[in-house]
Amino acid sequence: MSLNKNHQTNFLWIDKCRQIAGGIRRRVLRHTIKHGGYLSQACSSAEIFSLLYGHAMQLGPSEGPSIPPTFLNLQPGNIIPQISGMLYNGRRAPNLDRFFLSPTHYALTLYTTLIETGRLGESSLDQFNVDGSSLEMIGSEHSPGHETNGGSFGQTISQAAGVAWARRNKGDTGTVWVFLSDGECQEGQTWEAILSMAFHKISNI
């Protein structure tokens, strides 16, 4: 009986991730019906995001404000974000993981994931794709949960590989995670990055 109880306890994370995935889909569906946005991304990736944030990644507590501040000044050439999006994944630490979102048009799914896991305030979604907000439709380095500006498809894995290489050389034990879209597997730079990682034996990504 005790073995059965332990077995059930060990797999409680599956139910937790299932709940997070359901919450992601509901929030994205409600939002896109009301305001528009990318719906299919959440349909295809909710389980992946829920597994990453609900179980697989070792992140510190969010250090970003529950409701992200707007930009300081919306004058052309003077757009200065007040925060870094990586704060929502916790402080950088040698033993903690880092997360890179490559297809940054999955931003709405990432924002709802942060809400479902208590890293971002629920009402912050009202700012999505609003002028002056950091919750951009195509996320950037100042958008919650984003480590960098992804650039063109296929570039983020190169950025993450560089970070993983540097972390290995520093002796960090944390893992670097990269979320790729299927289309990026047709990009030459993706495979150049993978070949480079193999050559340099970068195994912490």
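The values are calculated or read from the model by the stated rules, or taken from the named source; none is laboratory data. This is a predicted model, so every value here is computed, not measured. We place every Cβ from the backbone using ideal geometry, glycine too, and count neighbours over all the protein chains shown. Just so you know, the surface numbers come from the protein's heavy atoms only, side chains and all, with ligands and any DNA or RNA stripped out. Shrake-Rupley method; radii C 1.70, N 1.55, O 1.52, S 1.80 Å.
Contact list please: Cβ distance under 7 Å, first residue in segment 176-205 and more than 19 Å from Arg98 (Cα to Cα), second residue open to solvent by 70 Å² or more (accessible area, probe 1.4 Å) and part of a helix (DSSP H, G or I), pairs at least six apart or on different chains.
So the pair list comes out as His200/Trp165.
Can you say whether Ala164 is over 16 Å from the mean Cα position of the chain (by Cα), under 21 Å from Asn95 (Cβ atoms) and hydrophobic (A, V, I, L, M, F, W, C), as far as the supplied structure shows?
yes
Considering segment 119-129 alone, what residues qualify as being open to solvent by 70 Å² or more (accessible area, probe 1.4 Å) and part of a loop (DSSP other than H, G, I, E, B)?
Asn129
Looking at Ile48, Ile24, Ile20, Ile33, which one is modelled with pLDDT under 95 and among the hydrophobic types (A, V, I, L, M, F, W, C)?
Sole residue among the options that is modelled with pLDDT under 95 and among the hydrophobic types (A, V, I, L, M, F, W, C): Ile33.
Pull up segment 21-75, narrow it to residues that are β-branched (Val, Ile, Thr) and open to solvent by 30 Å² or more (accessible area, probe 1.4 Å), then point me to the one that is nearest to the chain's Cα centre (by Cα).
Ile48
Condition test on Gly151, is it at pLDDT below 95, under 16 Å from the mean Cα position of the chain (by Cα) and either within 17 Å of Lys34 (Cβ to Cβ) or surrounded by 24 or more Cβ atoms within 10 Å (Cβ to Cβ) (or both)?
no
All but one of (1) surrounded by 20 or more Cβ atoms within 10 Å (Cβ to Cβ); (2) touching a residue at least 40 places away in the same chain (Cβ under 8 Å) hold for Gln159; state the number of the condition that does not hold.
Result: Gln159 fails condition (1) only.
In the set Gly188, Gly145, Gly171, Gly132, which member is surrounded by fewer than 18 Cβ atoms within 10 Å (Cβ to Cβ) and either touching a Leu at 6+ places or on another chain (Cβ under 6 Å) or under 21 Å from Phe49 (Cα atoms) (or both)?
Criteria check complete, one pass: Gly132.
Go through segment 181-205 and give me each residue that's closer than 16 Å to Met57 by Cα and of a type in the set (A, V, I, L, M, F, W, C).
Ile205
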